[in-house]
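The values are calculated or read from the model by the stated rules, or taken from the named source; none is laboratory data. The shown structure was predicted, so the numbers you read here are calculated from the model rather than taken from an experiment. We place every Cβ from the backbone using ideal geometry, glycine too, and count neighbours over all the protein chains shown. When the accessible area is computed, the model is the full protein with side chains, heavy atoms only, and any ligands, DNA or RNA have been set aside. Shrake-Rupley method; radii C 1.70, N 1.55, O 1.52, S 1.80 Å.
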Amino acid sequence: MTSTATARVMTVEDDPIVRADLRLVLEDAGFGVCAGARDGIEAVDLARLHAPDVIVLDLGLPLLDGVEATRRILSERDVPIIALTGRSSSLATEAIEAGAVTVLRKPFGEHELVDTVTTALASHTQKLRNESRTALATVLGLVGYPETWAEDLERRAYESGRLWRQVS
């Protein structure tokens, strides 16, 4: 999968100065910033185009608000979204209900941003690895091998940059 140093982050922020600051902080921490969207519609399009590993998304966006952008992005792919807001706690609650993994309140510090992105990536990777292990155990069981082999196979697959998914 991706380590912190190679993780690709997409930022979504309508304020160009804040967007530039996000890029600078994240790149200084070793992340690759693959795109920076200015509004919710651009966020959905760029998430589709760049397939980032994590998205840092402001909720107060023009054209399409951050909550709806979160819903649309997550309807297309599984990616951790960290919502940013300086507004009401009800907006933060809406973002979590829409699928954001956490909310950072503005203003926030550099370390808080980096720690939040790192934690979101680690948690998402663990979720994907658990799904991979389950899919491998299912296949092993179907072909008559011990399902306990799934742990070792998943670890080897992960180390070689692969994850297995069960398709319904």
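Which one of these does residue 28 not meet: (1) surrounded by 19 or more Cβ atoms within 10 Å (Cβ to Cβ); (2) more than 19 Å from residue 77 (Cα to Cα)?
For residue 28, the failing item is (1).
Restricted to the stretch 1-25, and to residues that are at pLDDT below 90 and surrounded by fewer than 19 Cβ atoms within 10 Å (Cβ to Cβ), which residue is nearest to residue 130 (Cα to Cα)?
Checking each candidate, the answer is 1.
Out of curiosity, is residue 151 of a type in the set (D, E, K, R), modelled with pLDDT of 85 or more and assigned to a helix (DSSP H, G or I)?
Criteria not met by residue 151.
Might you check whether a residue that is of a type outside the set (D, E, K, R), open to solvent by 20 Å² or more (accessible area, probe 1.4 Å) and under 15 Å from residue 8 (Cβ atoms) occurs anywhere in the stretch 50-62?
yes
Given (1) in contact (Cβ under 8 Å) with a residue 12 or more places away in the chain; (2) under 20 Å from residue 8 (Cα atoms), identify the lone condition not met by residue 106.
(2)
So that you can scan it fast, the table gives a plain yes or no per residue for (1) open to solvent by 40 Å² or more (accessible area, probe 1.4 Å); (2) farther than 24 Å from residue 50 by Cβ; (3) hydroxyl-bearing (Ser, Thr, Tyr):
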{"position": "120", "(1), (2), (3)": "no, no, no"}
{"position": "129", "(1), (2), (3)": "yes, no, no"}
{"position": "147", "(1), (2), (3)": "yes, yes, no"}
{"position": "152", "(1), (2), (3)": "yes, yes, no"}
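The rows are residues; the columns are (1) hydrophobic (A, V, I, L, M, F, W, C); (2) in contact with a helix residue (DSSP H, G or I) (Cβ under 7 Å, 6 or more places away or on another chain).
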residue	(1), (2)
27	no, no
45	no, no
63	yes, yes
70	no, yes
75	no, no
80	no, yes
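Condition (residue is touching a residue at least 60 places away in the same chain (Cβ under 8 Å), part of a loop (DSSP other than H, G, I, E, B) and in contact with a Lys or Arg (Cβ under 8 Å, 6 or more places away or on another chain)) applied to the stretch 80-88: is it met by at least one residue?
Within the stretch 80-88 (the criterion being touching a residue at least 60 places away in the same chain (Cβ under 8 Å), part of a loop (DSSP other than H, G, I, E, B) and in contact with a Lys or Arg (Cβ under 8 Å, 6 or more places away or on another chain)), the answer is no, since none of the residues qualifies.
Give the number of residues within the stretch 8-64 that are in a loop (DSSP other than H, G, I, E, B) and farther than 18 Å from residue 109 by Cβ.
Matching residues across the stretch 8-64 total 12.
Considering each of 76, 68 in turn, give the residue that is acidic (Asp, Glu), out of contact with any strand residue (DSSP E or B) (no Cβ under 8 Å at 6 or more places or on another chain) and open to solvent by 80 Å² or more (accessible area, probe 1.4 Å).
76
Which residue pairs have Cβ atoms closer than 6 Å, lie 6 or more positions apart in sequence or on different chains, and pair a first residue in the stretch 112-137 that is within 16 Å of residue 26 (Cβ to Cβ) and part of a helix (DSSP H, G or I) with a second residue that is open to solvent by less than 30 Å² (accessible area, probe 1.4 Å) and among the β-branched types (Val, Ile, Thr)?
Within 6 Å, the pairs are 113/25; 116/82; 117/54; 120/54; 120/82; 121/54.
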